[in-house]
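Only one structure is covered here, and it is reproduced in the block below.
Laboratory data are not the source of any read-out in this text; all were calculated from the coordinates shown. Being a predicted model, the structure only gives us computed values, none of them experimental. Counting neighbours? That spans all protein chains shown, and the Cβs are built from the backbone with ideal geometry, glycine included.
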Amino acid sequence: MGLDIGKNTIKEFSDVVKRARTIVWNGPMGVFEKKPFENGTKSLMEVVVERTKDSSVTSIIGGGDTATAALKYGAEGKVSHISTGGGASLELLEGKELPGVSALSQRSK
């Protein structure tokens, strides 16, 4: 059973994030709620926060667990956007229609 990512994976993911201009993160790296397994999520969150300091970078944290991790590690206000709707966020980014959003959009017209 994998409970966290290892050092090599942290480095690989971090290297990708350091080059990215758009970061979409949905789902923690491990069982971050347990201290022995928080290293992957915590480390990557630090890299995302650091990368987002560049004003040309957009970072989107999606999903309840990842949003909770962002709050736990002090990333609130340091990334571009945090959403508790993981699946819905991904569908919106894919350009799919979300019935609730459509209803609100039509109602505001």
Check your understanding: Pairs under 6 Å by beta carbon, first residue of a type in the set (Phe, Trp, Tyr) in the stretch 1-21, partner in a helix (DSSP H, G or I), six or more apart or different chains?
Key -> Phe13/Leu44
Practice item. Please enumerate the residues belonging to the stretch 53-80 that are crowded, with 20+ Cβ neighbours inside 10 Å and of a type in the set (S, T, N, Q). Key: Ser59, Thr66
Practice item. Having 2 or more residues that are β-branched (Val, Ile, Thr) is the bar; report the helices (runs of 4 or more DSSP H) wholly within the chain that clear it. Key: 7-19, 39-52, 64-72
Review point. Going through the stretch 10-50 one residue at a time, which ones are of a type in the set (D, E, K, R) and under 15 Å from Tyr73 (Cα atoms)?
Key: Glu33, Lys34, Lys35, Glu38, Lys42, Glu46, Glu50
